[in-house]
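Here's the structure we're looking at; comments come further down.
Derivation of every value follows stated rules applied to the coordinates shown; laboratory data play no part. Everything quoted here is computed from the prediction, not taken from an experiment. Cβ: placed from backbone, ideal geometry, glycine included. Neighbour counts: every protein chain shown.
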Amino acid sequence: MSAAKFQIFSILALAASALVGAAAPCRAQAKPNSSQIRTADLNNEIRDFLAREVSAHVADIKTLNPPPDRVVGALTTGEFSWGTFMRALAAYSAFADTRTVAGRDVVPMIAQMAPIELRQGGKAWAQLYAALALRSFGSDLNHNELWQSLSPAEKKEWQVLLDPSRFYDAKTRKVINLPENYLGVAARIAAIDFQLGVITDRKYADDLLDRAAQQFTRGALFADDALPTGRYDRYSNEYARAIYDAAAALGRADIMKALAPSLRAQMRLWWDLLSPDGYGYSWGRSLGAISYMDTLEIAAFAAEHLEFRPASLPQLAAAYYAAWRWLRHDFNEERHLLTVFAFGQGDYSYITKEREWQQTTTFFAKVINAHEEFMNVLAKEDVVEFDAQPTLANVARFVYFRDETGRKFGVWVVRQGDFHFALPFVTGPHAATSDYEPAPHGLPGFAVPVENIYPCFVPFLELEDGRTIAAADGADEIHPSADGLSVTAIWNRWVVPGAKAGETVEPGFQTEVTWSLAGGKNLFRTEVITASRAVTIRRLWMAVPTKADHIETYLTDGRRADQLTSAHVTLEARVLSSDWPLQISAFATGDEPLGRGDRGPIPLNLILETTHEVTLQPNSTKKWEIELTSIAEPHL
């Protein structure tokens, strides 16, 4: 077999490499490690970290009247920033069994933070964090140091802040202009309020909980965060855990029982989605560092509730440790902050510069609450050491989120050694949002830009009337194979990228797409478009966004292959066949929106597009097939 090698786009690739090398910070990547981790050592490490870092933040707050615009150099003016720190500081006080941090009494500090949130219009998470902060000092307000320190006027301010009606309308039984998961937030606030005696109306708390649990009590295993559009992501797991906690606080065994099937299914899915470095959900909103924090909280919850464990306790500890290691390496000790806005780091639009401090203090609070619970279970079950990384079995299965009349939603989960990805059929905040497209999210070497309307391994088609459409946001039909090694989806109803979620159009043709596995490292995407009437497609284009900083093109027996290489992964793309001529090119993204991924830069994109119009005749078909090969090299 003869092969000719062409190194094209060399200047482009070198420029991308230089740009990334010059500006990108060191990102933590978990390395294979067969050594055992001692539980006591991990406990000491996390306790030392928290003591040092929480103290650094407290020490930098000179006054709360007025509150500083910055702490450790980061803006504090973003949504629920002070509520988040209030929660972290109160949790740390209970965790470390001390009222004194950095020489300051934390009780009067926390007391002043609720009025700050109230003045800034704090609601939802700010309210939940205030409730958690208050409960950290005891559920009996007559002996609660924080509550007893408040004046009558201050108690009234706290009561206003703790009122769920700030974002929950009891008459309509809906949260106000917020996603469905906020019902879980409201239920937790009401449950804690009732525990504390801040509210005494048991019927109100029960009714709110019943409403929050409605998707699950009606039989759903997963929660749609924007009913009925099919927005399924990490919030489904968090939502179920929130309702379970609220039900436990109110003694609602009926709700806890109703949630059990969901929690078992969701924990199993989370474990199948998990990467060796502790990363969980690889699609949707609030990823990056938050997905590692999820692992800490989910591992602690599963450890506490034996019936929901998707793996053994030592394996959960390994996942917990791997996630902690990533977060620890991501943390900038000089700035005392997570690297939320590093070069190439993508964040959803609501994560603004004003919320940089809030993201780090969220990290503190999540670690504190997860760690104490998790360490207690490890001690109880005598787990004194565990592996540095979880042992993750191969998996190939399709999980339906909703399989009813109408649009179908679900995710294809694959792990074959290092070849691991999740391909979701779900809807995002807008039609064809990058993070929610049916693309192999998490595949080594492949990464989508955060919150973009962009054809990530999903072609966009420009029609003769000027509309652009995409086969995304669920599907009309989904047919997984019995062995889990392939899945076929059909779209008669397409979406207009960037349009309102849930809206579809019927362009007069359907597409049938099959994704299939071969050889443990190859993913094939075969698409057949069939027209019911004459249609002209002005342009079809698709991107393969990658973590590569170098590209080489090969011709083997006349067939082209583009090899995109980064430090430890090679992703190779090949068009195996196409009924229309294609032009293939690449471009370097830099620190622009298309170059920002959930876990760091996306330096190079491979672009495939038609060279001229494509005409579809009635009952005719057009087909093309692409192969992606991902080879993860061993870490040194």
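Some notes on this structure:
- Among 209-220, 151-162, the peptide with the highest mean count of other Cβ atoms within 10 Å heads the list, and the full ranking is 209-220, 151-162.
- Phi angles across region 444-461 convert, under the Karplus curve 6.51 cos²θ - 1.76 cosθ + 1.60 with θ = phi - 60°, into 3J(HN,Hα) values of x, x, 9, 7, 9, x, 6, 6, 10, 8, 7, x, 7, 6, 10, x, 9, 10 Hz, Gly and Pro given as x.
- Order of Leu443, Leu134, Leu178, Leu227 under a 10 Å beta carbon neighbour criterion, fewest first: Leu227, Leu178, Leu443, Leu134
- Using the Cβ of Glu304 as centre and a radius below 14 Å, the other residues enclosed give a net charge of -3, where K and R count +1 and D and E count -1.
- The angle between the Cα long axis of helix 253-273 and the main principal axis of the chain comes to about 40°, on a 0 to 90 degree scale.
- For region 311-371, the Kirkwood estimate of hydrodynamic radius, built from reciprocal distances between every pair of different alpha carbons, is 13.0 Å.
- Over region 280-356, volume per residue of the alpha carbon convex hull, in Å³: 115 Å³
- Net charge of Cβ neighbours under 11 Å - reference Arg355; Lys, Arg +1; Asp, Glu -1: -3
- Whole-Hz Karplus values for region 197-214 come out as x, 5, 10, 10, 7, 5, 4, 4, 5, 5, 5, 5, 5, 4, 5, 5, 8, 4 Hz, taken residue by residue from phi with 6.51 cos²θ - 1.76 cosθ + 1.60 and θ = phi - 60°; glycine and proline positions read x.
- Looking at region 27-126, none of the chymotrypsin sites (Phe, Trp or Tyr not before Pro) sits in a DSSP loop with at most 12 other Cβ atoms within 10 Å of its own Cβ.
- Whole-percent P(r), region 148-269, all Cα pairs, 10 Å bins from 0: 14, 44, 30, 10, 3.
- When you count the other C-beta atoms within 10 angstrom of each residue and take the mean per peptide, 608-614, 182-188, 447-453, 192-198 line up highest first as 182-188, 447-453, 192-198, 608-614.
- Extension gain for Ile584-Asp60 works out to 183.3 nm (0.36 nm per residue, less the C-alpha to C-alpha distance).
- In a reduced charge model with +1 at each Lys and Arg Cβ and -1 at each Asp and Glu Cβ, region 439-596 shows a dipole moment near 140 debye about its Cα centre.
- The magnitude of the dipole of region 575-634, with charges of +1 and -1 set on the Cβ of Lys/Arg and Asp/Glu and taken from the Cα centre, is near 100 debye.
- Euclidean distance between Cα centres, region 382-439 to region 93-133, Å: 37 Å
- Low-density loop cleavage sites - chymotrypsin sites (Phe, Trp or Tyr not before Pro) in region 345-451, where at most 14 other Cβ are within 10 Å (DSSP): Tyr350
- Projecting the Cα atoms of Ile469, Val367, Phe587 onto the dipole axis of the chain, where Lys and Arg carry +1 and Asp and Glu carry -1 at the beta carbon, places Ile469 farthest toward the positive end.
- Hydrodynamic analysis of region 78-228 uses the Kirkwood radius over alpha carbon pairs. Inserted into Stokes-Einstein at 37 °C and 0.692 mPa s, it gives a translational diffusion coefficient of 205 µm²/s.
- Projecting the alpha carbon convex hull of region 485-541 along each direction and taking the average yields 5.3 nm².
- Note on region 480-636: dipole from Cβ charges, positive end direction compared against Ala543, Thr621, Pro507; the farthest Cα belongs to Pro507.
- Rounded to the nearest 20 debye, the dipole size of the chain about its Cα centre is 520 debye, using +1 on the Cβ of Lys and Arg and -1 on the Cβ of Asp and Glu.
- Correct choice for semi-axes √(5λ) of the Cα gyration tensor in Å that was computed from the model, options [x] 43, 41, 30; [y] 44, 28, 23; [z] 46, 37, 25: [y]
- Shape of region 432-484, Cα gyration tensor, a/c cut at 1.5: oblate
- Helix 235-250 axis versus longest C-alpha principal axis of the chain: approximately 20°, rounded to the nearest ten.
- Taking only the alpha carbons of region 492-623, we obtain Rg and Dmax values of 16.9, 48 Å in that order.
- Highest average packing first - 522-532, 140-150, Cβ atoms within 10 Å: 522-532, 140-150
- Set against the 2.2 N^0.38 Å expectation for a compact globular protein, region 414-531 has a Cα radius of gyration ratio of 1.05.
- Taking all Cα pairs closer than 8 Å and separated by 6 or more residues, the relative contact order of the chain comes to 15 percent.
- Using C-alpha pairs under 8 Å with a sequence gap of at least 6, the mean separation divided by the residue count of region 491-636 gives a relative contact order of 30 percent.
- Ellipticity estimate at 222 nm from DSSP helix runs (n ≥ 4, -39,500 (n - 2.57)) divided over the chain, nearest 500: -11000 deg cm²/dmol
- Between 0 and 90°, nearest 10: helix 10-23 axis offset from the chain longest Cα axis: 10 degrees
- Take the convex hull of the alpha carbons in region 323-460; its mean projected area over all directions comes to 12.0 nm².
- Part-to-part distance (alpha-carbon centres) for region 276-325 and region 441-499, which is given in Å: 28 Å
- Here region 144-197 is treated as a Stokes sphere of Kirkwood radius computed over C-alpha pairs; at 10 °C and 1.306 mPa s its diffusion coefficient rounds to 129 µm²/s.
- In sequence order, calculated HN-Hα J values of region 560-568 (Karplus, 6.51, -1.76, 1.60; Hz; x Gly/Pro): 8, 9, 9, 9, 10, 10, 10, 4, 10
- Partners of Lys380 within straight-line reach, counting lysines whose Cα lies under 26 Å from its Cα and excluding those fewer than 8 residues away in the same chain: Lys257, Lys366.
- The convex hull drawn around the Cα atoms of region 580-629, when projected onto a plane and averaged over every direction, covers 5.5 nm².
- Distance between the 7 Å Cα→Cβ label points at His143 and Glu592: 6.3 nm.
- Cα-only Debye scattering, region 499-577: base-10 log of I(q)/I(0) at q = 0.11 Å⁻¹: -0.48
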